[in-house]
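First up is the structure itself, then whatever we jot down about it.
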Amino acid sequence: MLSSISRASAMSTSRNTLNAAAATRLSSIQRHLSTTPSAREGKIERLTVFGAGLMGAGIAQVGAQSGLKVVLSDVTDKALENGLNIIQKSLARVAKKKSPDDIEGFTSKILKNIETTTDAGKAVEQSDLVIEAIIESIKVKRDLFGFLDSKAKSDCIFATNTSSLSVTEIAESCSKERQEKFAGLHFFNPVPAMKLVEIIRTSQTSTSTYEALKEVTLRMNKSPVTCNDTPGFIVNRLLVPYLLESIRMVERGDATPEDIDTAMELGAGYPMGPFKLLDFVGLDTTSYISQGWRDKAEAGQISKELVQPIELLDKLVKEGKLGRKSGEGFYKVSHMIE
Ligand SMILES: NC(=O)c1ccc[n+]([C@@H]2O[C@H](COP(=O)([O-])OP(=O)(O)OC[C@H]3O[C@@H](n4cnc5c(N)ncnc54)[C@H](O)[C@@H]3O)[C@@H](O)[C@H]2O)c1
């Protein structure tokens, strides 16, 4: 690329002059970038992850794999142990593909990038980026971020992995300055395998914060997309109403779950029909999200018709038919995809 630029520039003196001017301007921009606060914000080297559950363990793992120094924090040593177990098992699977001759060496090299602690204040002392993946409770998340605000460096970026809560409401637990460095970073399950990350910008998120988050997700080998702070962001906003409408079709007797799955797999090219997906995600989770959205519908943030209660869904959840996790949902476990 550079050599073809040089060849072209040699063709005319005036172009040479322009190139020289452009080079001067470029080096001045580079000098400026290397000294401005926004460039420093972009240099994320130390990541702290809160919550060592399913999502937090996955985020810590992909962070460590991308070369970041990671601190993983949870409320108990047992939870941290559980998180490290999840990471170890997942890394062994990655190592089988990437380094089949030295699985242990590969795994231990990445694990060296991960420290653990139950001391939340200490966990963020050095951090450039905090990603929170704790339980889905607005109060618990706000309490945590409110506490961390005074413990973390002033240029540390805060991100939440919430699926269904308002990023803005969580960010408001912090100072005005921190709210500019606050965004949603929504990973998908299982984190090491799923390429997508939704970056959620609130009205306060600064451009330099957004750019730094984009850069770090690319470094984690993910594909970031951007969305405003709206219910369900992109994926769930489209997916949840589709899943709910599929249940309504069965409730009305329009078609069977099997035929709807076949139709969407063969007719729409979806890898998995809605009922297989519902059983995979968990009927309780879908019911919980739609309940949360009914509150948002009351506040006019989403159309009420999309999230009307569904008797069939409520009945199955009450009966404990939650999908894969309970052995039965719309399908019996023996019919479920692995
Ligand atoms: N599970 C999914 O498919 C999925 C997908 C995307 C986003 N999310 C979101 O990610 C977050 C975590 O979900 P998960 O499925 O990993 O949950 P999980 O239940 O597996 O793990 C949550 C962890 O947070 C810990 N925790 C609770 N309070 C804490 C605190 N104050 N400080 C530190 N740790 C604390 C718990 O001990 C637990 O280990 C939730 O906000 C959820 O909505 C989940």
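Every number here is computed from the coordinates shown, using simple stated rules; none is lab data. Keep in mind it's a predicted model, so treat the numbers as computed, not measured. With ideal geometry, Cβ positions are generated from the backbone for all residues, glycine too; neighbour counts draw on all protein chains shown.
For Ser108 and Glu305, calculate 0.36 nm times their separation in residues minus their Cα-Cα distance, and state this gained length in nm to one decimal.
Taking Ser108 through Glu305 to full extension adds about 65.8 nm, to one decimal.
Pull up the DSSP beta bridges for the chain and report the antiparallel fraction as a percent, rounded to 5.
20
Rounded to two decimal places and with Rh computed the Kirkwood way over Cα pairs, what is Rg over Rh for the chain?
1.05
Starting from one equal scatterer on each C-alpha and no solvent at all, send me the Debye-based log10 I(q)/I(0) for the range 42-228 at q = 0.13, 0.15, 0.18 Å⁻¹, two decimals.
Values returned for q = 0.13, 0.15, 0.18 Å⁻¹ are -0.59, -0.80, -1.16.
Under 16 Å from a point placed 7 Å out from the Cα of Glu319 along the Cα-to-Cβ direction: which residues of the range 250-291 have their backbone N that close?
Under 16 Å, as judged by backbone N against the label point of Glu319, lie 250-253, 256-258, 279, 283-284 of the range 250-291.
If each residue of separation counts as 0.36 nm, what is the full-extension length gain between Phe280 and Phe147 once their alpha-carbon separation is subtracted?
That pair, Phe280 and Phe147, stretches by 44.3 nm at full extension.
Just report the Cα centroid separation between the range 238-295 and the range 81-95, whole Å.
Spelled out, the Cα-based centre of one part sits 31 Å from the other.
Pop out the ³J(HN,Hα) list for the range 254-269 in order, Karplus 6.51 cos²θ - 1.76 cosθ + 1.60 with θ = phi - 60°, rounded to Hz; leave Gly and Pro as x.
5, 6, 8, x, 4, 5, 5, 4, 4, 4, 6, 6, 8, x, 10, x
Name the shape class, rounded, prolate or oblate, that the alpha-carbon gyration tensor gives for the range 151-244, where a ≥ b ≥ c are the square roots of its eigenvalues, rounded holds for a/c under 1.5, and otherwise prolate holds if a/b is larger than b/c and oblate otherwise.
Verdict is oblate for the range 151-244.
Would you work out the charge dipole size for the chain about its Cα centre, treating the Cβ of every Lys and Arg as +1 and the Cβ of every Asp and Glu as -1, and quote it to the nearest 20 debye?
Roughly 1340 debye for the chain.
Kirkwood hydrodynamic radius for the range 236-335: how many Å is it when counted over pairs of different Cα atoms?
Roughly 13.8 Å, rounded to one decimal.
Antiparallel as a % of all DSSP beta bridges within the range 42-228, to the nearest 5?
Once the DSSP bridges in the range 42-228 are tallied, antiparallel ones form about 15 percent.
Mean residue ellipticity at 222 nm from the helices of the chain, using -39,500 (n - 2.57) per DSSP H segment of n ≥ 4 over the full residue count, to the nearest 500 deg cm²/dmol?
-15500 deg cm²/dmol, from helical runs alone.
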